[in-house]
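Structure first, commentary second.
Just so it is clear, none of the values below were taken in a lab; they were calculated from the coordinates. The shown structure was predicted, so the numbers you read here are calculated from the model rather than taken from an experiment. Methodologically, a virtual Cβ is constructed for each residue, glycine included, from the backbone with ideal geometry; neighbour enumeration extends over all protein chains shown.
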Amino acid sequence: MTDILLIRHAEAEGNSARRIHGTYDALLTTRGYGQVALLRRALENERIDAVYASDLFRARRTASAAAAPRGLDVALVPELRERDFGEFEDLPFAAAQKRIADWGLSMWNLDSPGGELRERARARFTDALRRIAREKDGGSVAVFAHGHVIALFLCELLGIAPGGGEIPLIGNTSVTRLEYRGGRFHIVSMGDAAHLPPPDSYVEKRGRLKRLPGQDSFNMDVLPLGGGTFASYLGETETGRLYLAQGADHGLLSRIEMLPQWSGLGLGIQLVGQAASHFRAAGLNHMRIIDHEGAETFFADAGFMHGEGFMERAVSVPAEDARLDSVHGEK
């Protein structure tokens, strides 16, 4: 028998900025790094003989919570990656949801244009997990992966049709315990996130927002207006503006303007996500904000650190981490 701790990655940019990140590689958020520290503490008394992770940054970085304290390498397994959402990759959720609704579908029963078929994603993830379980028979392993493919895998075990029943809730850094015995996976517990604190103010703000008249979502669409200017919308209602420029070697987030009625609801982070996406696509490594007076806490929470007269944060994703080995389909 093999004991498996199947763990979703910590909060990443796609989660906080409400963008579709399947195989799109992005960074962890400030909150995400805090979750890694809490997960590390929660795993202190667990027997873990080996650590495996998807090769995407958000999973392999979260895997350090299990590997670093034990002096273990993280074995990178590309087959543990999130599902590829094709043309929807890095779109705001709201933009994709418009198209999906027109088709009468959901993310669970959709095969996105140019993306990976749902059943193919589930099968390659299951095959990779089974291979790991067989290799480590008699041991205990930690496997770090992604919410959508973990949920597809669990739906199969539970006999739930994705999109046709209650989808298992697999939150960031949640732990699902499995046993692999007799050639089959068995669920011991699912989606345990007891190591995380209660929902924070951001979650509470989203809840308040969804209770406003006419609002059933907190996911904003963000559309370019030209000249580095973007407008954000909830449905057909404009909520704010984003102004971007480019320095010699960095992106410049000139300012974020939320309209008064939408200010203080935690929506601005979605515009920071748009800025990161824009500058990352331009091949830049960092972005800066100069005019941050009165908003230092907001930008610090968004990952910016103080420089001389500005705040700055990384945009590019590190290619490598310490103590990582690539296995199973090395690329």
Note the angle between two axes, namely the Cα long axis of helix 201-210 and the longest principal axis of the Cα atoms of the chain, as a number of degrees from 0 to 90, rounded to the nearest 10. 70 degrees
Top mean-square fluctuation among 14, 226, 266, Gaussian network model of the chain, C-alpha springs under 10 Å? 226
Relative contact order in percent for segment 207-314 (Cα pairs under 8 Å, 6+ apart) equals 18 percent
Residues whose modelled amide H sits under 5 Å from the amide H of residue 303, counting only those 5 or more places away in sequence or on another chain, are 30
To the nearest 10 degrees, how steeply does helix 93-102 sit against the main Cα axis of the chain, on a 0 to 90 scale? 80 degrees
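Using Cα-Cα distances under 8 Å and only pairs 6 or more residues apart, what relative contact order does segment 59-182 have, in percent? Could you put the intermediate results ahead of the total?
Numbers: 99 pairs, mean separation 36.9, N = 124.
Answer for segment 59-182 is 30 percent.
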Can you give the relative contact order of the chain as a percent, counting alpha carbon pairs under 8 Å and 6+ residues apart? 22 percent
Could you list the GluC sites (Glu not before Pro) in segment 112-162 that lie in coil according to DSSP, counting only those with at most 13 other Cβ atoms within 10 Å of their Cβ? none
For segment 147-187, run through the chymotrypsin sites (Phe, Trp or Tyr not before Pro) and keep only the ones in DSSP coil with at most 10 other Cβ atoms within 10 Å of their Cβ. none
Among 141, 317, 36: highest mean-square fluctuation, GNM of the chain, C-alpha pairs under 10 Å: 317
Given labels modelled 7 Å from the Cα in the Cβ direction, how far is it in nm from residue 119 to residue 282? 4.5 nm
Going by alpha carbons, how many degrees (0 to 90, nearest 10) lie between the helix axis of 268-281 and the longest principal axis of the chain? 80 degrees
7 Å from Cα along Cα→Cβ at both residue 177 and residue 158: what's the point-to-point distance in nm? 1.8 nm
Could you check the spin-label model distance between residue 290 and residue 46? Points 7 Å from the Cα along Cα→Cβ, value in nm. 4.7 nm
Loop-only GluC sites (Glu not before Pro) in segment 210-312, please: DSSP not H, G, I, E or B, and at most 16 other Cβ atoms within 10 Å. 236, 293, 308
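Could you list 70, 288 so that the one with the fewest beta carbons within 10 Å of its beta carbon is first and the one with the most is last? Let's see the in-between values first.
Values: 70 15, 288 20.
Final ranking by Cβ density, sparse to dense: 70, 288.
According to the square roots a ≥ b ≥ c of the eigenvalues of the Cα gyration tensor, what is the shape class of the chain, taking rounded for a/c under 1.5, prolate for a/b larger than b/c otherwise, and oblate for the remainder? Each step should come with its number before you reach the end.
Working: a/c = 1.89, a/b = 1.49, b/c = 1.27.
Since a/c reaches 1.5 and a/b is larger than b/c, the shape of the chain is classed as prolate.
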